[in-house]
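Just below is one structure, and these are the notes that go with it.
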Amino acid sequence: SDTLGRRQHASFSLPVFAGGNRAAVRADAPAALRNVLSESRPTKPVWRGTPAATVLESTKLAVVGSTTGETWLNERAKTLQVNARIERVPDYATALRQLVAGDVDVVFGDRVVMLGTLQALDPKTRSSVVILDRMFTHEHAGLALEYGDDDFRVLVDRALSRTYATPEFAALYAKWLGEFDERARTFFVWNTLPE
């Protein structure tokens, strides 16, 4: 993810993906848990004592340490005063394996990284995990480049812009990242630079 803090040490290309933190659950997760984490926004705030808070307080959450997901999750738990059990794990593969094993109920993390990690895991694990649609944060994923090499950054941005504008880009995106829906199309239209 392209963040201001990371820009102190690296340059970033144009965004290559609309990233952000999402929740992953087991395919057999209870409906109550899925509803709390779903795309639809609650009509009322989730405070201590509400049914949604009760579901979350009985849930064990995993998040990879030193990520934007960890920062966001800890801030939200504190703000909402929900005493969910949050387990810090070293990497996404560990988190997803713990999810499938039933050691944790939800994994919060970057959708791009979770998708990539799932592809490297066995088919049983992949079919046992569902990444929910609701985006809890909105982050641009870009290519990290050497800080200060503006000529190379412009070369990369030019290549990306040209690729995004081709008719073949939708198929390329669908092959590696999922459905090229209207949200994805709009994202890349806004992030394609003219010559």
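The values are calculated or read from the model by the stated rules, or taken from the named source; none is laboratory data. Just so you know, these numbers come straight off a predicted model, no measurement behind them. All Cβ positions, glycine included, derive from the backbone under ideal geometry; neighbour counts span all protein chains shown. All accessible areas refer to the heavy atoms of the entire protein, side chains included, with ligands and DNA or RNA removed. Shrake-Rupley method; radii C 1.70, N 1.55, O 1.52, S 1.80 Å.
Key figures
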read-out	value
q = 0.07 Å⁻¹, the chain: log10 I(q)/I(0) [Debye, one scatterer per Cα]	-0.24
Contour excess over end-to-end distance, with Cα ends at E195 and E57 and 0.36 nm allotted per residue	44.5 nm
Among Y147, Y92, Y164: highest mean-square fluctuation, GNM of the chain, C-alpha pairs under 10 Å	Y147
Selection from V129, A32, F152, by position along the positive dipole direction of the chain (Cβ)	A32
Total charge dipole magnitude, the chain, about the Cα centre, Cβ charges on Lys, Arg, Asp, Glu only, Debye to nearest 20	720 debye
More than 15 Å apart - percent of Cα-Cα pairs taken over segment 49-151	67 percent
10 °C / 1.306 mPa s Stokes-Einstein diffusion coefficient of segment 102-194, Kirkwood radius on C-alpha pairs, µm²/s	100 µm²/s
Estimated inter-spin distance, R185 and D28, nm [label 7 Å along Cα→Cβ]	3.9 nm
Stretchable slack from D149 to R88, in nm (0.36 nm times residue separation minus alpha-carbon distance)	18.4 nm
Separation in nanometres of the label points that stand 7 Å from Cα toward Cβ, at L4 and D122	4.5 nm
Segment 112-181: trypsin sites (Lys or Arg not before Pro) in DSSP coil with no more than 16 other Cβ atoms inside 10 Å	R134
Accessible area expressed per residue, the chain, with surrounding protein chains retained (probe 1.4 Å, Å²)	58 Å²
Selection from T166, S13, V107 lying farthest towards where the dipole of the chain points positive, charges on Cβ	V107
Value at 222 nm in deg cm²/dmol, rounded to 500, when DSSP H runs of n ≥ 4 in the chain each add -39,500 (n - 2.57)	-12500 deg cm²/dmol
